[in-house]
Amino acid sequence: MRPYQYRFEKVLTYREQQKNETESAYKESVRQFEQVATKLYELLKKKENVVEEQQVKMMTGFSIDKIHHYARFIESMENKIASMQQEVVQARVKMNWYEEKLLEKTLEVRKFEKMKEKDREHYRAEMEHLEAIQLDELSTLKYRKKENGW
């Protein structure tokens, strides 16, 4: 009897390698998204704190120069926030794209694994059938030997 050999083993290995590479890229895109989203959160929090600080100082009173300074600073932060929001959107799009690719690669690998499973089952059934034929032949030979008196 010959040992089981899946005919698409190299293709399966290649697909698994592609899936693993895509999974790594996906994890990296998630890490980048989280990093950019954290920066955006920190900017938004900083802006909120500055606006609160400005409100407190407005109650106590402070110079026009300070008011202009806070206004320019807040405007600058709003520009940074807008820019960071675009980065977050781009990072999310990239992350979603890799997630779709990972899903595709996972499905491809599963298809080949399912084919391998079916092929192995077919091989096992074929080997059992051949073994049954051999046992039948041996039984027949033994019977004939007894019958012929050998």
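The listed residues Met58, Met84, once ranked by accessible area (1.4 Å probe) with the largest placed first, stand as Met58, Met84.
Couplings 3J(HN,Hα) of segment 7-15, computed from phi: 5, 9, 4, 5, 5, 4, 4, 4, 5 Hz, in residue order, whole Hz [Karplus 6.51 cos²θ - 1.76 cosθ + 1.60, θ = phi - 60°; x for Gly and Pro]. Of the whole protein surface, Thr106 contributes about 30 Å² of accessible area at a 1.4 Å probe radius. Taking springs between alpha-carbon atoms closer than 10 angstrom, which of Gln55, Gln90, Gln18 fluctuates most in the Gaussian network model of the chain? Fluctuation is largest for Gln55. The mean accessible area for residues of the chain, using a 1.4 Å probe and ignoring ligands and nucleic acids, is 80 Å² per residue. Summing Cβ point charges (Lys, Arg +1; Asp, Glu -1) relative to the Cα centre of the chain gives a dipole of roughly 320 debye.
If one computes P(r) from the Cα atoms of the chain, what percent of pairs lie at distances over 29 Å? Looking at the chain, the distances longer than 29 Å represent 59 percent of pairs.
Residues in segment 19-31 carry Karplus couplings, in order, of 4, 5, 5, 5, 5, 5, 5, 5, 4, 5, 5, 5, 4 Hz; the curve used is 6.51 cos²θ - 1.76 cosθ + 1.60 with θ = phi - 60°, and Gly or Pro positions show x. In a reduced charge model with +1 at each Lys and Arg Cβ and -1 at each Asp and Glu Cβ, segment 5-60 shows a dipole moment near 140 debye about its Cα centre.
Between the Cα long axis of helix 64-148 and the first principal axis of the chain there is an angle of about 10°, rounded to the nearest 10. Relative contact order for the chain: 45 percent, from Cα pairs under 8 Å spaced at least 6 residues apart, divided by residue count. Shown is the FRET efficiency for Lys45 and Glu100, computed with R0 = 35 Å from the Cβ-Cβ distance and rounded to the nearest 0.05: 0.65. Per-residue surface analysis assigns Phe112 an accessible area of about 40 Å², computed on protein heavy atoms at 1.4 Å probe radius. The accessible area of His122, taken with all protein chains in place and a 1.4 Å probe, comes to roughly 110 Å². Here's the list of lysines a cross-link from Lys116 could span, going by alpha-carbon distance under 21 Å and ignoring same-chain residues fewer than 8 apart: Lys10, Lys19, Lys105. Give me the percent of the accessible area of segment 1-55 that comes from carbon and sulfur atoms, probe 1.4 Å, all protein chains in place. Of all accessible area on segment 1-55, carbon and sulfur atoms account for 50 percent.
Spin-label pair Asp136-Ser63: with each label point 7 Å from Cα along the Cα-Cβ axis, the two points sit 10.7 nm from one another.
The values are calculated or read from the model by the stated rules, or taken from the named source; none is laboratory data. It should be emphasised that the depicted structure is a prediction, and the values quoted were computed from it without experimental measurement. Glycine also receives a Cβ, built like all others from the backbone with ideal geometry; neighbour counts cover every protein chain displayed. Side chains are part of the model used for accessible areas, which takes the heavy atoms of the whole protein and leaves out ligands, DNA and RNA. Shrake-Rupley method; radii C 1.70, N 1.55, O 1.52, S 1.80 Å.
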